[in-house]
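One structure below.
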Amino acid sequence: MVSGMKYLQTIDAVRRWREGCQGKIVFVPTMGALHHGHETLIRHARRIAGKGGAVVVSIFVNPIQFGPKEDFSAYPRPIESDLEVCRRAGANAVFNPSPEEMYANGRSVFVDEDSLSTTLCGRSRAGHFRGVCTVVAKLFLIVSPTHAVFGEKDWQQLAIIRRMVGDLNFPIKIIGSPTVREKDGLAASSRNVYLTPEERSLAPKIHDALVAASHLKSPESILRAVVRDISKIPGARIDYVEAVDAATLQPLKNRATEGRLASAVFLGKARLIDNIGLPPLS
Ligand code: AMP
């Protein structure tokens with residue numbers, strides 16, 4: 001255990017800890033392999049919780065949100081350095097359950113969002129958001145937070161969690177936190193470690209392509225420009241590039257409303273996702 005911060009591995013232990021809490025309980029769900037993007041989220045949570053409140057971080061590589069050919073086994077799990085990040089950022093407790101603690105054999109109840117999940121990453125990652133919604137709903141019921149912080153880097157996930165909390169009446173305020181980037185513009189991600197040095201030097205060009213196109217007038221011209229620029233990156237393979245309405249995630253028709261420009265691109269072994277705002281043009 002890291003001193004001054006509770007390290008909790010069972011649901012019972014979280015519930016007992018929670019009973020002793022007062023004020024705001026601000027929750028940051030993660031899969032660990034924490035980087036400075038996560039650290040910013042935890043610090044954001046700390047500010048919301050204030051002196052009297054508590055910040056709880058979960059670290060759980062959720063098996064049911066990975067497809068059979070995805071990187072569940074390879075996903076990095078550096079628990080000691082993760083605990084150090086949580087402590088440094090001001091967390092009061094870390095929940096780090098085993099898969100067995102979270103999922104009983106013979107389980108048959110899942111949480112399925114079936115509108116926002118059908119676009120963007122939902123198309124190429126069948127069952128991913130069902131896994132995400134199920135684990136986040138379970139974590140919400142275990143931790144019982146007043147607030148939960150999610151990164152805008154996973155814009156679709158944030159939109160789906162907002163919808164789930166609305167539709168299922170979870171009494172939890174969802175807070176979006178802006179994407180944290182490396183100096184060269186690449187969105188910080190636990191999966192960036194999969195990049196070779198050469199791929200790492202090319203990866204920021206994806207964000208460059210999104211930013212350059214975001215000034216264009218029509219969604220069609222934006223998409224054409226992004227596809228053209230990303231196709232020039234050696235070894236890059238586009239999974240999708242889409243301009244969508246920021247809330248409904250449906251294709252953006254024009255620049256009169258708030259949009260989001262989102263991409264998923266394979267670079268070597270890594271699948272890199274990113275998104276930026278498309279504010280309405282006056
Ligand atoms: P993960 O561990 O990748 O599941 O992410 C846990 C939380 O951290 C999610 O809410 C992510 O959106 C958020 N997150 C991950 N990377 C970043 C980043 N670069 N900037 C902001 N939030 C992030």
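Values as computed for the structure displayed
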{"read-out": "The chain: most fluctuating residue of GLY50, GLY90, GLY151 per GNM, C-alpha cutoff 10 Å", "value": "GLY50"}
{"read-out": "Percent accessible area from carbon and sulfur atoms, the stretch 199-249, protein chains only, probe 1.4 Å", "value": "57 percent"}
{"read-out": "Heavy-atom accessible area per residue - the stretch 1-133, 1.4 Å, Å²", "value": "50 Å²"}
{"read-out": "Sequence-distant residues sharing a close amide H with PHE60 (under 5 Å, placed H)", "value": "THR30, MET31, GLY32"}
{"read-out": "The stretch 60-79 and the stretch 83-111: distance between their alpha carbon centers, rounded to Å", "value": "13 Å"}
{"read-out": "The stretch 79-188: proportion of alpha-carbon pairs further apart than 22 angstrom, %", "value": "43 percent"}
{"read-out": "On Cα atoms only, tilt of 128-143 relative to the major axis of the chain in degrees", "value": "30 degrees"}
{"read-out": "Using distinct alpha-carbon pairs, which all enter the 1/r mean, Kirkwood radius of the stretch 148-282 in Å", "value": "15.6 Å"}
{"read-out": "Rounded accessible area of THR196 (nearest 10 Å², 1.4 Å probe)", "value": "60 Å²"}
{"read-out": "Percent carbon-and-sulfur accessible area, the stretch 47-191, ignoring ligands, DNA and RNA, probe 1.4 Å", "value": "50 percent"}
{"read-out": "Sorted peptide list for 94-103, 16-25, criterion being average Cβ within 10 angstrom, highest first", "value": "94-103, 16-25"}
{"read-out": "Between 0 and 90°, nearest 10: helix 219-231 axis offset from the chain longest Cα axis", "value": "90 degrees"}
{"read-out": "Radius of gyration and maximum dimension Dmax of the stretch 218-267, Cα, Å", "value": "11.5, 35"}
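The values are calculated or read from the model by the stated rules, or taken from the named source; none is laboratory data. Everything numeric here is computed off the predicted structure, so don't read it as measured data. Every residue, glycine among them, receives a Cβ derived from its backbone with ideal geometry; neighbour counts consider all protein chains shown. Surface areas here come from the heavy atoms of the whole protein model, side chains and all, with no ligands, DNA or RNA. Shrake-Rupley method; radii C 1.70, N 1.55, O 1.52, S 1.80 Å.
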